[in-house]
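Below is one structure, written out as structure tokens, with a few remarks after it.
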Amino acid sequence: MLPNDYLSSLTLSEQLHRDQPELPPKIYSSQILDFLRDGVVILPQVIDSGLLDRYDDDLNNLPALAESSLVHGLIGVDGKAEHYKARVLRNLTNLGITDFRQAPPGLKLNDLHRYFASARALAFSAPIICFLDELFGSESALIQSLTFWKSSEQSLHQDFSFVHHHHRLGHLAAAWIPLEDIHPDSGPLVYYKGSHLLTDQQFFDWGGGNILAGRDCDNQIAINYGLYLDNLIQSQGWEPSVYLPRRGDLLIWHGALIHGGTPMRNPDLTRRSYVCHYTAAAAHRAMAPYRVGEGLDFSEPPSLPPEAQTRPLSERIVSAARRRLGGLLP
């Protein structure tokens, strides 16, 4: 994909902001206007505490569920190289990780909204969906969700280069939901306001003019990408903003916003967060989304064995217990 392909795929709201800036104030809410200007908006204390409590309960039970249930044990994990090798939650014990609070930075659990109603409810909570529906000008759709216990410590990047299984690349935004008050020593999120408004000359070339990173891109190219963003930030005079939210706050960022995870100054601190990526329903390649509340889910269903796909979790647990107890259960 070339820079002009990206720029032609922008939302109508951003196209107007760029080309006819007098019009958006007549059409959009103040929150959307802030987002179009900065590439990020913070909505204080809009996430329902009951939703967060429900998700906390499921996360607290997750290590035990991984041991007792095939479904939960197959939750995908990634982050750093050792996490990629583990692939699924059940294998983390092979890395010596039995308590997520003791896990190294970067570990993330993929798409827990596929498994837990609490995660789905959080991903499709009204403040997020209402904002994105206005931004996209159509129904919003979830692409993926990521759950972190600690800082990602991820280097500066822009999501569109890596999250691109939708055909209108400019229709991309992410919600960052803190699951606890975030401490400044825990490796908080950092971002650069205004860095989303790229010109056609400001995209990194991953090869042959392509602005998208390949799955197996050369490590030196990735290093060059980081250096390129550093130089771009300096040349444009963009200043870093560090996000230190309270539980219940919400941050939504643009798919081209430069952001990353800062290093942890205290490795014992958690930085639990839930990050969801969204596009417009009309911008996605998939043809069969399913509705969750007022939103649509385009993420892939869990990859489970046939018997796990067809039988409810409760039935599978009972069957396993019967086998282990030699048929003593009714």
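The values are calculated or read from the model by the stated rules, or taken from the named source; none is laboratory data. None of these values were measured; they are calculated from a predicted model. FYI the Cβ positions are ideal-geometry reconstructions off the backbone, even for glycines, and counts take in every protein chain you see.
Here is how the numbers come out for the structure above:
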| quantity | calculated |
| --- | --- |
| Boolean, TYR84 is in the same structural domain as CYS130 (by TED's automatic domain parsing), touching a Ser or Thr at 6+ places or on another chain (Cβ under 7 Å) and at negative phi | no |
| Residue in the range 233-245 that is more than 30 Å from PRO127 (Cα to Cα) and in contact (Cβ under 8 Å) with a residue 24 or more places away in the chain present | yes |
| Residue match in the range 43-63 (condition: under 23 Å from PHE162 (Cβ atoms), basic (Lys, Arg) and assigned to a helix (DSSP H, G or I)) | no |
| Subset tally (residues that are under 14 Å from TYR278 (Cα atoms) and assigned to a helix (DSSP H, G or I)) for the range 93-125 | 4 |
| Options GLY194, GLY170; residue that is farther than 23 Å from LEU227 by Cβ and part of a loop (DSSP other than H, G, I, E, B) | GLY170 |
| For ILE223: the one exception among (1) under 27 Å from SER186 (Cβ atoms); (2) at pLDDT 95 or above | (2) |
| For SER152: the one exception among (1) buried (at least 17 other Cβ atoms within 10 Å of the Cβ); (2) more than 13 Å from the chain's Cα centre (by Cα) | (2) |
| Positions within the range 208-249 being part of a helix (DSSP H, G or I) and under 21 Å from the mean Cα position of the chain (by Cα), in sequence order | ALA222, TYR225, GLY226, LEU229 |
| Residues of the range 134-148 that turn out to be at pLDDT 95 or above and surrounded by fewer than 21 Cβ atoms within 10 Å (Cβ to Cβ), as a count | 2 |
| Candidates VAL41, VAL77 - the one that is within 19 Å of the chain's Cα centre (by Cα), free of Cβ contacts under 8 Å to residues at least 60 places away in the same chain and crowded, with 18+ Cβ neighbours inside 10 Å | VAL77 |
| Residue in the range 85-128 that is modelled with the lowest pLDDT, counting only those that are buried (at least 17 other Cβ atoms within 10 Å of the Cβ) and charged (D, E, K, R) | ARG90 |
| Subset of the range 57-72 (residues that are buried (at least 16 other Cβ atoms within 10 Å of the Cβ) and within 20 Å of TYR274 (Cα to Cα)) | ASP58, LEU59, LEU62, PRO63, LEU65, ALA66, HIS72 |
| Index of the failed condition, HIS167 passing every other in (1) more than 18 Å from PHE35 (Cα to Cα); (2) of a type outside the set (Lys, Arg); (3) out of contact with any His (no Cβ under 9 Å at 6 or more places or on another chain); (4) in contact (Cβ under 8 Å) with a residue 24 or more places away in the chain | (3) |
| Only one of VAL318, VAL242 that is surrounded by fewer than 19 Cβ atoms within 10 Å (Cβ to Cβ) and at pLDDT below 60 | VAL318 |
